[in-house]
Amino acid sequence: RGTTSDTSGDHGTFFFDLRVGAVALAPLIQSKPVVASVVAASTSTYTHQLDVTGATGAVTFTQTKGAPTLLVSSTGLLSTSGALAPGSYVVRGTTSDARGDHGTFFFNLRVSAHAPPTTTVPKITLPVAFVVSGHAVTGKTVTLTVQGLGFYGRPRITSHPGTSAVVTKDTGTALTLKVSVRPHTRNGRYSFTITLANGKTCRVRYNQRSN
């Protein structure tokens, strides 16, 4: 505390409070991933570096559970003590940094007997048509929708003799068709052939009825 004054004779007082306390501590948050899947044949050489966020200075890892199958060094390097049988293995512990911040760590190593089979995703050649919504009607003009992929530029549509189809809307994944069928045409199941401007084609089946 004290007083203030200036050359004009003005006076006042001053006050300042400085509060000194302990350094605020923050929790150490473990970084992902915390789960890994491996095959048994590779576990004898498996390693993973654990990490945290929010630390000041070097971080010390102290293991509390998981040994002897999983071992965590003081710097956070996780390793196996040898080949592991199929199963689920968990390691836990605590973390601390140079400022005194603390946290916990967890890691789950899932060991399978064999590598999972490779799933082959079939390659789709565009354009492709999946299904026709609605049906053609003998002697009438109706609106049908073709669901698919790779449509553009209002493709040309052809079908069996006596049927004409014109694209009125193209969203890329659906075609809206105006389909006219000549009277006395036989009912049944037919196909639309969809031809793009670049010459690529695809086909889709549809039904034709009397009403």
field: Residues satisfying the stated conditions in segment 72-130, i.e. under 30 Å from the mean Cα position of the chain (by Cα), part of a loop (DSSP other than H, G, I, E, B) and on the phi > 0 side of the Ramachandran plot
entry: Gly76
- line: Among the residues of segment 73-107, the number that are open to solvent by less than 20 Å² (accessible area, probe 1.4 Å) and among the hydrophobic types (A, V, I, L, M, F, W, C) is 5
task: For residues that are surrounded by fewer than 16 Cβ atoms within 10 Å (Cβ to Cβ) and in a strand (DSSP E or B), scanning just segment 148-157, find the one that is modelled with the lowest pLDDT.
output: Leu149
Residues of segment 108-140 classified as surrounded by 12 or more Cβ atoms within 10 Å (Cβ to Cβ), under 22 Å from Val181 (Cβ atoms) and of a type outside the set (Gly, Ala, Ser), total: 5
message: Show the residue pairs meeting these rules: Cβ distance below 7 Å; 6+ apart or different chains; first residue within segment 187-202 and closer than 18 Å to Ser164 by Cβ and of a type in the set (Val, Ile, Thr); second residue at pLDDT below 95 and in a loop (DSSP other than H, G, I, E, B).
response: Ile194/Pro127; Ile194/Pro155; Thr195/Pro155
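Among the residues of segment 1-59, which ones are within 30 Å of Ser96 (Cα to Cα) and of a type in the set (S, T, N, Q)?
Correct list: Gln30, Ser31, Ser37, Thr43, Ser44, Thr45, Thr47, Gln49, Thr53, Thr56.
Taking the residues in segment 56-65 that are touching a Lys or Arg at 6+ places or on another chain (Cβ under 8 Å) and modelled with pLDDT of 95 or more as candidates, determine which candidate is most open to solvent (accessible area, probe 1.4 Å).
Lys65
The values are calculated or read from the model by the stated rules, or taken from the named source; none is laboratory data. All values reported here derive from a predicted model rather than from experimental measurement. Because the Cβ atoms are built from the backbone with ideal geometry, glycine has one as well, and the counts that use them run over all protein chains shown. Keep in mind that these areas ignore ligands, DNA and RNA; they rest on the heavy atoms of the full protein, side chains included. Shrake-Rupley method; radii C 1.70, N 1.55, O 1.52, S 1.80 Å.
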